[in-house]
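The values are calculated or read from the model by the stated rules, or taken from the named source; none is laboratory data. Keep in mind that what you see is a predicted model, and the values were worked out from it rather than measured. Note that we place each Cβ from the backbone using ideal geometry, even for glycine, and neighbour counts take in every protein chain shown. We work out accessible area using only protein heavy atoms, side chains counted, and drop any ligands, DNA or RNA first. Shrake-Rupley method; radii C 1.70, N 1.55, O 1.52, S 1.80 Å.
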Amino acid sequence: MPLLASSSPLVVRTRRIADPGDLVALLPAGAEHPVTWLREGDGFVGWGRAAAIHTTGTSRFADAEAWWRDLVDSAVVRAEVSLPGSGLVAVGSFAFSAASPAGGILHVPSTVVGRRDGVSWVTTVSAPAHLPGEVQLRRSAPPSAPVVTGSHDGALTGEQWTEAVAAAVSRIQRGDLDKVVMARDIVIDTGTAIDPRHLLGRLAAAYDNTWTYSVDGLIGATPEMLLRREKGLVTSRILAGTIRRTGDDEHDLALAGSLARSSKDLEEHEYAVRSVADALRPHCSSMNVPESPFVLHLPNVMHLATDVAGVLHEDVSSLDLAASLHPSAAVCGTPTLSARDVIAELEQMDRGRYAGPVGWIDADGDGEWGIALRCGIIESSSRIRLFAGCGIVAGSEPSAELAESEAKLLPMRHALGE
């Protein structure tokens, strides 16, 4: 159902501006509903809410898409810039499971400031009766760092989680399924309020080659682009197979070589690539699926990665494509239904919007949707829940998977200053 909507069409105005510099620094202190989508300094930030919808269940994607189409059809748009992310855009994130009460959120910020390819803009969105004046962009005072007072395990302790992983490995070895992604959560408490701007600034600076995002309290820096749709071309970056970096460049180079030759990691990666390619193929007239992955180097870990591309033969939106791709083997497993059942049984937690699609869509249906990884959900002003997951196959070692999950928690831990 809509959280906020107007009976009148939305009025959208985008004007070109001079380069405003650091986009995160433009988020006002205490801004309501801050949103972020940034990579290597480009992208956009926004605040306020002109319209929004919360959806649930198996129709959470379709209901959001239908609402968005109606909003687009009635909107009045005046734009001096026609780049991805300009004009009328909505940001959103969706629960991993249809059973989760977290459901999906899609909302239109009332103010957006963006930059791409050296062009910057500001967009304002409102009802005709409340037309805004010119937005005065100001750099906010640096946000305060939260004071971490403690952390504790979430649904399972580390020992309990390794036992759950061992149980998953046993099921794979007896042929119940090929792969399952097991996730765990931890809770961080702070003695001061958590300012999203502090987390976003640290994530964007330390992990600039990932996509730093913020949507409805979900904050993270994902290395995995579920899909990008732009002018009839769809691309997807698939990550599966991980090794932790040591900080020694020579040693890390050797580790990258071992990752590229690891039969366990290559098997995990193959399942993930196949699931994405199979989901995209019905929508594409042609596709390029590389035969071998490359090693993606991030500050804390290295991943096996494959970039898949396709030419769309039908007018399907980026949100519809995200729905058809979710959940991929990279965050669920293979076969999907079997893996989903094992996750529900063994993880013993609600993932919420962790591992679900997160991103944005514009009026043409173009957009970018990542997978909500390396993230946390702010549960109160002084509490945040962090998530990490690992792909489990027949050759997985539970203790090694626990260590990998700790490595994947580091970006958010560092952002918090823990």
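Observations on the model:
- Filtering segment 287-301 to residues that are open to solvent by less than 60 Å² (accessible area, probe 1.4 Å) and in a strand (DSSP E or B) leaves M287, V295, L296, V301.
- Taking the listed residues A183, A240, A204, the one that is touching a strand residue (DSSP E or B) at 6+ places or on another chain (Cβ under 6 Å), modelled with pLDDT under 90 and not in a loop (DSSP other than H, G, I, E, B) is A240, with no other qualifying.
- Search result, residues across segment 111-137 that are in a loop (DSSP other than H, G, I, E, B), closer than 18 Å to P20 by Cα and small (G, A, S): G118
- With respect to (1) open to solvent by less than 10 Å² (accessible area, probe 1.4 Å); (2) under 30 Å from R184 (Cβ atoms), the lone exception for P109 is condition (2).
- Flag if L304 is crowded, with 17+ Cβ neighbours inside 10 Å, touching a Pro at 6+ places or on another chain (Cβ under 6 Å) and either under 22 Å from V181 (Cα atoms) or polar (S, T, N, Q) (or both): yes
- Enumeration of residues in segment 336-351 that are in a loop (DSSP other than H, G, I, E, B) and either free of Cβ contacts under 8 Å to residues at least 40 places away in the same chain or under 20 Å from the mean Cα position of the chain (by Cα) (or both): M349, D350, R351
- Options L233, L218: the member that is exposed (fewer than 14 other Cβ atoms within 10 Å of the Cβ) and at negative phi: L233
- Residue that is most open to solvent (accessible area, probe 1.4 Å), among those in segment 22-61 that are more than 20 Å from W211 (Cβ to Cβ) and out of contact with any strand residue (DSSP E or B) (no Cβ under 8 Å at 6 or more places or on another chain): T58
- Residues of segment 207-225 that are part of a loop (DSSP other than H, G, I, E, B) and under 16 Å from G46 (Cα atoms): D216, G217.
- Residue under evaluation C332, criteria (1) in contact with a helix residue (DSSP H, G or I) (Cβ under 6 Å, 6 or more places away or on another chain); (2) over 19 Å from A99 (Cβ atoms), criterion not met: (2)
- Note on segment 352-385: residues that are small (G, A, S), in contact (Cβ under 8 Å) with a residue 12 or more places away in the chain and assigned to a strand (DSSP E or B) amount to 4.
- Residues that are among the aliphatic types (A, V, I, L, M) and open to solvent by less than 10 Å² (accessible area, probe 1.4 Å) within segment 344-375 comprise A355, V358, I361, I371, A372, listed in sequence order.
- Flag for A329 being at pLDDT below 90, farther than 23 Å from G257 by Cα and of a type in the set (A, V, I, L, M, F, W, C): yes
- Whichever residue in segment 267-281 is surrounded by fewer than 17 Cβ atoms within 10 Å (Cβ to Cβ) and in contact (Cβ under 8 Å) with a residue 12 or more places away in the chain and, among such residues, is nearest to the chain's Cα centre (by Cα): R274
- Number of positions in segment 164-204 that are farther than 26 Å from H33 by Cβ, crowded, with 23+ Cβ neighbours inside 10 Å and of a type in the set (D, E, K, R): 2
- Evaluation of V12 against (1) out of contact with any Leu (no Cβ under 7 Å at 6 or more places or on another chain); (2) in contact (Cβ under 8 Å) with a residue 40 or more places away in the chain (one fails), failing number: (1)
- Breaking point among (1) assigned to a strand (DSSP E or B); (2) of a type outside the set (K, R); (3) closer than 26 Å to L346 by Cα, for T149: (3)
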